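The values are calculated or read from the model by the stated rules, or taken from the named source; none is laboratory data. Predicted, not measured: the structure shown is a model, and the values here were computed from it. Here the Cβ positions follow ideal geometry from the backbone for every residue, glycine too, while neighbour counts run over all protein chains shown. Heavy atoms of the whole protein, side chains included, go into the accessibility calculation; ligands, DNA and RNA do not. Shrake-Rupley method; radii C 1.70, N 1.55, O 1.52, S 1.80 Å.
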Amino acid sequence: MWRRPGFLAQAFQQLASLGLSVDLLATSQTSVTMTLDPGQTISSEQQQRLSAQLDCQVDLLRDCASIHFLGNKIRQMLPQLGPAFELFEEHPIHLVSQSSSDVSLSLVV
């Protein structure tokens, strides 16, 4: 996070101490958005502990789904995926993650 060196490292240490593993991750100057590995959940107590230890607001979104588009040069396929994105008008997109190798695009809705 902005002007806070080591925040992400600290967050991963705290998640590891809770036995939680991160699946997808997106960061910006002011926020970190992540999903946990499938089948993992976080309790209200763990949420409060993370908020206190990281000195930040921790919000949980439940009942989300991950959608993954896979293919070679996925960015070039975005115009073809346009009609599929119309389905998300009714469902907010919470996270977008793209692989550095340009073979996958993941959405959390």
Residues of region 75-85 classified as over 12 Å from Q98 (Cβ atoms) and open to solvent by 90 Å² or more (accessible area, probe 1.4 Å), total: 3
Hits in region 19-30 (condition: exposed (fewer than 14 other Cβ atoms within 10 Å of the Cβ) and either hydrophobic (A, V, I, L, M, F, W, C) or closer than 14 Å to S97 by Cβ (or both)): T27, S28
Region 86-102: number of residues that are open to solvent by 60 Å² or more (accessible area, probe 1.4 Å) and outside any strand (DSSP E or B): 10
Criterion violated by Q46 - all others in (1) of a type outside the set (K, R); (2) part of a loop (DSSP other than H, G, I, E, B); (3) more than 27 Å from S104 (Cα to Cα) satisfied: (2)
Residues of region 31-51 satisfying the condition of being charged (D, E, K, R) and open to solvent by less than 80 Å² (accessible area, probe 1.4 Å): D37
Residue selected from region 62-74 under the condition in contact with a strand residue (DSSP E or B) (Cβ under 8 Å, 6 or more places away or on another chain) and open to solvent by 40 Å² or more (accessible area, probe 1.4 Å), by the criterion farthest from T30 (Cα to Cα): L70
Answer from Q29, Q57, Q40 - the residue that is in a loop (DSSP other than H, G, I, E, B), touching a helix residue (DSSP H, G or I) at 6+ places or on another chain (Cβ under 8 Å) and among the polar types (S, T, N, Q): Q57
